[in-house]
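As C-alpha cells, the structure follows; a few thoughts come after it.
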Amino acid sequence: INQGDWLSDRLYGQGLRIGDPVHIRIFKKSRELELYLRGRDGFELYRTFPICDVSGMLGPKRFEGDLQAPEGFYTVVPERLHPHSDFHLAFNLGYPNEFDRSMGRNGSNIMIHGGCASNGCFAMTDYYMEQISLLAEAALQNGQQEIGVEIYPFRMTEDNLAAHASSRWIEFWRSLQPAHDHFANSGLPAPVEPGSEGYRVRVGQPAAGLESVVLSAP
C-alpha cells in the first residue's frame with residue numbers, strides 16, 4: 001500500500017513535505033524511533049514510531065551473532081536501501097563504522113526493517129516501515145547525501161546515566177551524550193566523527209577547520 005498521499009497531507013499540516021532531509025534517533029530501552037524532517041529552523045519531529053522488536057540487552061554490538069543491536073552514530077546512503085528485502089523494506093545502517101572497527105567489533109547486515117522479529121536489527125512492522133522507507137528514499141533522491149541515525153541505549157539524561165552508573169558501558173554511554181544534547185538543543189545533528197579514540201564532535205563549523213575534541217567520561 002502506497003502511503004504517499006496520506007503522508008503528504010499530514011506533513012503539509014506541519015509545514016513539511018516528502019523529500020525533506022531526514023534524521024533518525026533511536027532509543028533502545030523505550031523502543032522508540034524518532035523520525036525528523038528538516039524544516040525552516042532545523043529538524044522537526046515528524047513522528048515517534050514504536051519499535052516492534054529489538055534483540056539483546058543495553059550496550060553496543062560487538063561481534064557477529066551476539067544478537068545485539070548497535071549503539072552509536074551511523075549513516076544511510078542510497079546504496080544501503082533495500083526495497084526488495086525479505087523483511088518487506090529495509091535499509092542498512094552501515095555497522096560496523098570506523099569506531100566499531102577500531103574497537104575490533106564486527107558484524108553485518110544490521111538493518112531497520114519491516115516485520116516484528118530481530119536478530120540485532122530494529123524491526124518496525126511493515127506498516128510503519130513503509131512510511132519510514134518512503135521518507136528516507138525521497139530525501140536521498142532529493143539530494144540528501146546521507147541520513148544520520150543516532151542510536152542510544154536510553155534518553156541520555158543525567159538521571160538515566162546515574163541509574164546505569166555501574167554498567168560496564170557507562171563511559172561509552174557518556175561519550176554519546178554531547179551529540180544527544182546538541183541535537184536536542186539546536187535541532188541540528190552534531191558533526192560526529194567516529195575515530196580510533198572515541199566519538200568526536202567537531203568544534204564550530206566543519207568548514208572552519210577547528211580541531212575536534214574527543215568525548216570521554218568526566
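The values are calculated or read from the model by the stated rules, or taken from the named source; none is laboratory data. What you see is a predicted model; the values in this text were computed from it and never measured. Backbone-built Cβ (ideal geometry, glycine too); neighbour counts: all protein chains shown. Surface areas here come from the heavy atoms of the whole protein model, side chains and all, with no ligands, DNA or RNA. Shrake-Rupley method; radii C 1.70, N 1.55, O 1.52, S 1.80 Å.
Give the residue, chosen from LEU45, LEU37, LEU67, LEU58, that is open to solvent by less than 50 Å² (accessible area, probe 1.4 Å) and not basic (Lys, Arg). Talk me through it step by step, then tell me what you get.
Numbers: LEU45 fails: open to solvent by less than 50 Å² (accessible area, probe 1.4 Å); LEU67 fails: open to solvent by less than 50 Å² (accessible area, probe 1.4 Å); LEU58 fails: open to solvent by less than 50 Å² (accessible area, probe 1.4 Å).
LEU37 is the lone residue from the list that is open to solvent by less than 50 Å² (accessible area, probe 1.4 Å) and not basic (Lys, Arg).
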Filter region 111-150 for residues that are open to solvent by 20 Å² or more (accessible area, probe 1.4 Å), of a type in the set (Asp, Glu) and under 15 Å from the mean Cα position of the chain (by Cα) and give the result. GLU146
Limited to region 73-86, what total is found for residues that are closer than 18 Å to MET124 by Cα and free of Cβ contacts under 8 Å to residues at least 40 places away in the same chain? 5
Enumerated strands (runs of 3 or more DSSP E) restricted to region 24-101, each holding at least 1 residues that are within 30 Å of ARG168 (Cα to Cα), touching a strand residue (DSSP E or B) at 6+ places or on another chain (Cβ under 6 Å) and among the charged types (D, E, K, R): 32-39
